[in-house]
Amino acid sequence: MKGEFKIEPKWKRSSEEVWTDRFEQLTSAAVSQVDEKGRDSRRVRLPDFRGYALYYAAAAVIIMLLIPLMYTKNISASRGEHLSYVLPDGSQVTINAESKLSFKPLVWFISRGVKMDGEVLFEVKKGSGFTVKSSNGNVRVLGTTFNVISRDSRFEVACIEGRVEVSTKAGEVERQKVVISSGEGVELKEREGLMNISQEKVVSSISWRGGNFYFTSVSLQVVVDEIARQYNVEIELADMEEMIYTGNFSGQTSLEEVLDIVSIPFSLKIEKTEKGYILYR
């Protein structure tokens, strides 16, 4: 028929358009399902850190509480200096020149103990055990007065009052133990171990606190080193055979006079250098 035409509904679409829309719907649904499953899967796999956080917080608190307990108080006397110090329990220490002492004040009343190097005079208040540790040996007491020397390989303990237990060390292992009473003392010999010292030497062992220094049958090098510490000066003892010295000097005496006192018995000459003094023959 001429001029014939069809009127199609406005909503009618081609088969291609219908299939395109259907494909998009199916694809979108599939993606949504995958996303939902993925989210569920991720929720299952994520670890719960809340429990760990509690552990970490508790550990941090413990560490913060322990750090102050590890605090160490260090006290040292320089050359030409003596120091007196009162420990937390009232015990008193007098530290000789070029010597040092350390202790932990926050645990003091749980464990009374110090570490030292050099020479220290202890006047210990009665109470629980009191331990002195050094590189050469240890001393244990309850309440007493005693003097300890621990310099290089030299180790000497003199008991002025009460009783003390002295032990030597091989590394961190205690090797030999002796107990000494008032008026007794011991010194460490390289081959013999701990040996008794004379009562005269015990009495004179604390004379340094009053500025007087006594030596009985000791190496001249030991004497020269002590003079150097007390007068804060460098003194070299020229290479020579071992010389044994017995004598004394006062810290009130001039350095030049003290050098004369120790040099004359051995006919030593004294020469002043840029760094200090040298003694030689």
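Values computed for the structure shown
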quantity	calculated
Amide H within-cut-off set for Lys125, under 5 Å, with H built and near neighbours excluded	Ser91, Gln92
Cβ-based net charge around Val124, under 10 Å, with every Lys or Arg adding one and every Asp or Glu removing one	0
Spacing of the two label points (7 Å from each Cα toward its C-beta) at Met243 and Ser267, in nm	1.1
For the range 180-277, share of DSSP beta bridges that run antiparallel, in % to the nearest 5	85
Karplus-derived 3J(HN,Hα), 6.51/-1.76/1.60, for each residue of the range 110-120, Hz, glycine and proline x	8, 8, 7, x, 9, 10, 9, 8, x, 9, 9
Amide H partners (placed H, <5 Å) of Glu234, local residues excluded	Tyr277
Table column - 3J(HN,Hα) (Hz), the range 147-161, Karplus curve with 6.51, -1.76, 1.60, x for Gly and Pro	10, 10, 10, 9, 10, 6, 9, 7, 9, 9, 10, 10, 9, 8, 8
Peptide ranges 140-146, 186-192 listed from the most packed, as the mean C-beta count within 10 angstrom indicates	140-146, 186-192
Positive minus negative residues near Val179 (Lys, Arg vs Asp, Glu; Cβ under 12 Å)	+1
Cα gyration tensor category, rounded, prolate or oblate, for the range 211-280 with a/c compared to 1.5	oblate
Relative contact order (%) - criterion: Cα under 8 Å, at least six apart; region: the range 211-280	38
Cα-based shape type of the range 168-215, given that a ≥ b ≥ c are square roots of the gyration tensor eigenvalues and the cut on a/c is 1.5	prolate
Exposure proxy ranking, count of Cβ atoms within 10 Å, fewest first, for Trp208, Trp108	Trp108, Trp208
Proximal charge balance of Ile197 [Cβ under 12 Å; K/R count +1, D/E count -1]	-2
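The numbers here are math on the coordinates, done by the rules we state, and not lab data. Fair warning: this is a prediction, and the values are worked out from it, not measured in the lab. Cβ coordinates were reconstructed from backbone atoms using ideal geometry, including for glycine residues, and neighbour counts include every protein chain displayed.
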